[in-house]
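This report concerns only the one structure given below.
What follows draws every value from the coordinates through simple rules; no lab data is involved. As the structure is a computational prediction, the values presented were derived from the model and not from experiment. With ideal geometry, Cβ positions are generated from the backbone for all residues, glycine too; neighbour counts draw on all protein chains shown.
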Amino acid sequence: MKAIWRPSPNHSPRTQAIKYIVLHGTWMSCAQSALDRLCDPAAEVSCHYLIDEKGALYQLVKDSEAAWHAGISAWKDDVSLNQSSLGIELAHSGDVTVPYTEAQYETLIELLGVLLTAHRIAPTHVLAHSDIAPDRKNDPGPQFDWNKLYSAKVAQPLSLQPRLSYEDLKHLGYVGSKQVVEKAYKLRLGVASL
């Protein structure tokens, strides 16, 4: 799979094995604006890959380095997931009425297939930014169609149950208060309420 190399200076040495892939929405007007920000040293943010609206794939940070995409984050017993994950940004305005493009899903599914195999990552470890930082992030948002990834077997549902107790949600991996964890799970399901 060929990616356009657009190096970002915003990364650090990786100190842990890769075990997660975190999906993001850029919440910016266009892919070019996102690329500019992700490559700006002053922004102190980056990702490994970005997929633009037409499905073009950019690589900004080598997989062997830790990109700065997860921020304050936790899943199960892991914290600061920059060190143990790869970050994939999907160009999107953040408007919940606007779906991601089919071209983005096609590229994402192919990329996930490559990365899951190359790094021996379980499909259950493909997560949303809102899963790992539920108190402060909502991307890739309710407009992201996880079922496309499930059908392609490059991700798996966190649970087959639409309603879970707070204890069950914590057992899945969520970390945070009941309110923020339930909100994050709703985003993952793509529903407004449970």
Considering only C-alpha atoms, what is the centroid distance from the stretch 32-105 to the stretch 123-158, in Å? 13
Please state the equivalent ellipsoid semi-axes for the stretch 4-189: what are the square roots of 5 times the Cα gyration tensor eigenvalues, largest first, in whole Å? 24, 18, 16
H24: net charge of surrounding residues, Cβ under 9 Å, Lys/Arg +1, Asp/Glu -1, itself excluded? -1
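Based only on other Cβ atoms within 10 Å, what is the fewest-to-most ordering of V180, V175?
Details: V180 16, V175 21.
Lowest to highest Cβ neighbour count: V180, V175.
To the nearest 20 debye, what charge dipole does the chain have about its Cα centre, counting +1 at the Cβ of each Lys and Arg and -1 at the Cβ of each Asp and Glu? Mind dumping the intermediate values first?
Working: 19 positive and 21 negative charges, 80 e Å.
I would put it at about 380 debye.
Once you list every other residue whose beta carbon is under 12 Å from the beta carbon of P99, what net charge do they have if Lys and Arg are +1 and Asp and Glu are -1? Spell out each step's value before the answer.
Numbers: positive: K148; negative: E53, D95, E102, D145.
After counting each charged neighbour, the total is -3.
When DSSP assigns beta bridges and you keep just the ones with both residues in the stretch 44-153, what percent turn out antiparallel, to the nearest 5? Mind dumping the intermediate values first?
Details: 5 of 8 bridges.
Approximately 60 percent, going by the DSSP bridge assignments.
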Using each residue's phi in the stretch 103-119, evaluate 6.51 cos²θ - 1.76 cosθ + 1.60 at θ = phi - 60° and report the 3J(HN,Hα) Karplus result to the nearest Hz, with x for Gly and Pro. 4, 5, 4, 4, 5, 4, 4, 5, 4, 4, x, 5, 5, 4, 6, 4, 10
FRET efficiency for V114 and S80 from the Cβ-Cβ distance with R0 = 30 Å, rounded to 0.05, comes out at 0.75
Would you list, by chain and number, the aspartates and glutamates whose Cα falls below 17 Å from the Cα of K62, excluding same-chain residues fewer than 8 positions away? D40, E44, E89
per DSSP, antiparallel bridges as share of beta bridges in the stretch 4-189, % nearest 5, sits at 35
Furthest towards positive pole of dipole, G113, Y58, C47, structure part the chain, Cβ charges: G113
Gain on full stretching of the segment that runs from E53 to L160 - 0.36 nm per residue minus C-alpha separation: 35.5 nm
Residue by residue, what Karplus-based ³J(HN,Hα) values in Hz, rounded to whole numbers, does the stretch 163-179 have, using 6.51, -1.76 and 1.60 with θ = phi - 60° and x for Gly and Pro? 10, 10, 6, 4, 5, 5, 5, 5, 5, 4, x, 4, 10, x, 5, 4, 4
Mind scanning K2/K183; K2/K186; K153/K186; K76/K186; K19/K170 and naming the pairs with a C-alpha gap bigger than 26 Å? K2/K183; K2/K186
Could you give me the ³J(HN,Hα) list for the stretch 84-96, computed from phi with Karplus coefficients 6.51, -1.76, 1.60 and θ = phi - 60°, whole Hz, x at Gly and Pro? 10, 9, 10, x, 10, 9, 10, 4, 6, 6, x, 6, 5
